[in-house]
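Read-outs throughout are calculated quantities, based only on the coordinates presented, and are distinct from any laboratory measurement. All values derive from a computational prediction rather than experimental measurement. FYI the Cβ positions are ideal-geometry reconstructions off the backbone, even for glycines, and counts take in every protein chain you see.
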Amino acid sequence: MGYTFAEKALARAAGLPSAVAGQVVDARPDIVLSHDNTAAIAKIFRTIGVERVLIPDRLAIALDHAVPAPTPQHAQNHAEVRKFVREQGIQHFFEVGRGICHQVLSEAAVILPGQLILGADSHTTHYGWMGAFGAGIGRTEVAALWATGELWLRVPESMKITVTGRLGKGVTAKDLCLYIIGRLGADGGLYQSIEFHGEAIENLSLESRMVIPNMMAEFGAKNAYLPPDQAVFDYLAEALRRRVPTPPHTAEGETPRQDVSALALYPDADARYASSHTFAAEDIPPMVSGPHRVDASAPLDHFRGKAVQQAFLGTCTNGRLEDLALAAEVIRGRSVASGVRLIVIPASAWVLKEAMQRGYIQDFIEAGAVIGVPGCGPCMGNHLGILAPGEVCISTANRNFKGRMGQPEAEIYLANPAVVAASAVAGVIMDPQEL
Amino acid sequence: MDKTPSSIPPISGRAWKYGDGVNTDVIFPGKYTYTLREPAEIAAHALEDLDPQFAAQAQPGDIILAGKNWGNGSSREQAVTCLKYKGIAAIVAKSFGRIYFRNGINQGLLLITCAEAVDAAQPGDILTIDTAQSVILLRGHPYPFPPLSPTALSIIAAGGLVQHVRNKLGITRSDVVAVSEGGG
Ligand code: SF4
């Protein structure tokens, strides 16, 4: 009998020869992620009665959710996080402005294919883009991991999604996700490990691959997986070279981190799946998801003409260089419609720098856009683009829940970066091909 | 490494049985989440919108049987604690909402996945759950279930994750107060 990716990854993380769906294992994650919530977790940690984190090198902490601090309370919270980082000697710490946790950890190759990352953030599914096992957990669990280095996990059943063919012009990985979630429902992947296969997936750029497992949090998934290939290994090897050297992991029995492909895992051909679905990439149009559910998605045509007051380009879903490139191409030589704000927030400082070098930032500013500091921005309603009652925002983010951008009486539509840019120019939800 | 006993003695209890897709809102209504704090009050509203008889009639030691996706929806931990405070000994379901399952174990409630036992049992049946053998006994028939890990069992035996970690690390200090929060 063969094994799925999830079965193999969690068996390895638990030091077992094998594991099967339904089994509960004690896993030792390679990385435990937290962000602005680190101070709150540190409070729980202290109630355990432990002074020191067991393996500080396995923690990764990024300040990204409300940066730079918008209020004295946020400033105090950040100060407590920095104090914790200093006291515990945390190496993988990313200061305000470096970028969104999932982006900066990917850029810095803090996690590698086949490894396990658990995070106090529901989009920790993200790391499936490189074939790592990433899952969101609760704050108490993170505190327990800091103290003991291990946590029980149930090995999930797996769903196999095969996407054949090639995505059409103007159709992105985001549209693919909105399409799948719309078809199978926001709980369609509940608790499962979602494995993506097929030609359409293999042909995606690395940045596009990052969109898919990130969005699978909106499908109810525990984790998602794309098979890593040479492009992934090359990217991560380069990232490791670029990174300011940090002490390599030296725990016994560990493979040197430089060998990025050494731990890569692939499901067996005869692995057992709870269900399998096949989609033809050619059938997928540009999609938009309407308020207040991600699975309330429909082809762009269905929403075309809806007036918007804000357009937001950013987040861990679609704030990368190729997203900015797509939007800049639409915006170049045009202006943001009067009565509309276009807010552009690169996912990381690296993305911002590259976007500057390529002239995208110039394009945005000339069109009348606002450029924000790398981080989560208004994605979860903390700051930098909160909506007013009755306003409509079209966003490249992953969630459109009621109140998500700080105002329950506002509406959020989700779309790909080109559609968001075209809508900013038109003042209504618009197909970029029709501008 | 783990110095705490990880065994839970076999549990026998009377079954309550519910269907598929029971969400956290009907297990513990959202309108109470920020107002009720006392365990007895929280327990009094358990399953209020699913089965109005339950809170009045359930006895400590009873077992809940459920269909697929028990506890889907919100991450509110009261959906676990209302049943724990009611004295429910275990929940046996065909499947659990992901966060509910984690919250359940981390709050010290025994959660078992066993579709066959759920299908076979009737309300009022007496079930025996033997975690050491990973088997449910029902009218003389054994229904095996995927074993819980020693850690999951010892978390339940300890009464929850924070206390479990304290036991495991041999921490007996009483100057810190154990708190727990639900999964995210
Ligand atoms: S960008 Fe949004 S979804 Fe991503 S980590 Fe930040 S708040 Fe969460």
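Between the alpha-carbon centres of the stretch A:220-239 and the stretch A:60-87 there is a gap of 29 Å.
Kindly rank A:314-324, A:232-242 from highest to lowest mean number of other beta carbons found within 10 Å of each residue.
Those peptides, ordered most packed to least, come out A:314-324, A:232-242.
Here the 3J(HN,Hα) profile of the stretch B:41-50, calculated from phi with Karplus coefficients 6.51, -1.76 and 1.60 at θ = phi - 60°, is 5, 4, 4, 5, 9, 4, 6, 3, 8, 10 Hz, Gly and Pro shown as x.
Residue exposure proxy: A:Arg139, A:Arg86, ordered by other Cβ atoms within 10 angstrom of their Cβ from fewest to most, comes out as A:Arg86, A:Arg139. Please tell me the relative contact order of the stretch A:157-227 in percent, rounded to the nearest whole number, where contacts are Cα pairs under 8 Å and at least six residues apart. Once divided by the residue count of the stretch A:157-227, the mean separation gives 43 percent.
Here, chain A has an Rg and a Dmax of 20.8, 62 Å when only alpha carbons are counted.
If you count the DSSP beta bridges with both ends in the stretch A:288-434, what percent of them are antiparallel, to the nearest 5?
On the way: 4 of 17 bridges.
That works out to approximately 25 percent antiparallel.
The C-alpha atoms of chain A define a longest principal axis, and helix A:38-48 lies at about 30 degrees to it. When each full DSSP H helix of chain B is screened for a Cα extent of at least 15 Å along its own axis and an average Kyte-Doolittle hydropathy of at least 0.5, none passes. In this structure, the residue pairs whose Cα-Cα separation is over 20 Å, taken from A:Lys43/A:Lys402; A:Lys222/B:Lys94; A:Lys83/A:Lys222; A:Lys169/A:Lys222; A:Lys306/A:Lys402, are A:Lys43/A:Lys402; A:Lys83/A:Lys222; A:Lys169/A:Lys222. Take every residue in peptide A:37-50, count the Cβ atoms of other chains within 10 Å of its Cβ, and give the average of those counts. The mean count of partner-chain Cβ atoms within 10 Å per residue comes to 4.
Please work out the FRET efficiency for the pair B:Lys31 and A:Asp259, using the Cβ-Cβ distance as r and a Förster radius of 45 Å; give the result to the nearest 0.05. Write down the numbers at each step before the final one.
Numbers: r = 54 Å, r/R0 = 1.21.
Efficiency computed from Cβ-Cβ geometry: 0.25.
Tilt of helix A:5-14 relative to the longest C-alpha principal axis of chain A, in degrees (0 to 90, nearest 10)? Relative to chain A, helix A:5-14 is tipped by roughly 40 degrees. Our summary gives the stretch B:11-147 a relative contact order of 27 percent, counting only alpha carbon pairs under 8 angstrom and 6 or more residues apart. Remark: mean inter-chain Cβ contacts per residue of A:147-156 equal 5, using a 10 Å Cβ-Cβ cutoff to other protein chain atoms. By the beta-carbon count within 10 Å of each Cβ, the least crowded to most crowded order of A:Met216, A:Met159, A:Met130, A:Met1, fewest first, is A:Met1, A:Met159, A:Met130, A:Met216. In terms of surrounding Cβ atoms within a 10 Å radius of their Cβ, A:Val428, B:Val92 rank from fewest to most as A:Val428, B:Val92. Over all directions, the projected convex hull of the C-alpha atoms in the stretch B:11-147 averages 7.2 nm² in area.
Counts of other chain beta carbons within 10 angstrom of each beta carbon in peptide B:92-98 average 3. Taking a ≥ b ≥ c as the square roots of the Cα gyration tensor eigenvalues, the stretch A:36-125 comes out oblate, since a/c reaches at least 1.5 and a/b does not exceed b/c. For the stretch A:331-435, place one equal point scatterer on every Cα, skip the solvent, and apply the Debye formula. What is log10 of I(q)/I(0) at q = 0.16 Å⁻¹? Values returned for q = 0.16 Å⁻¹ are -0.70.
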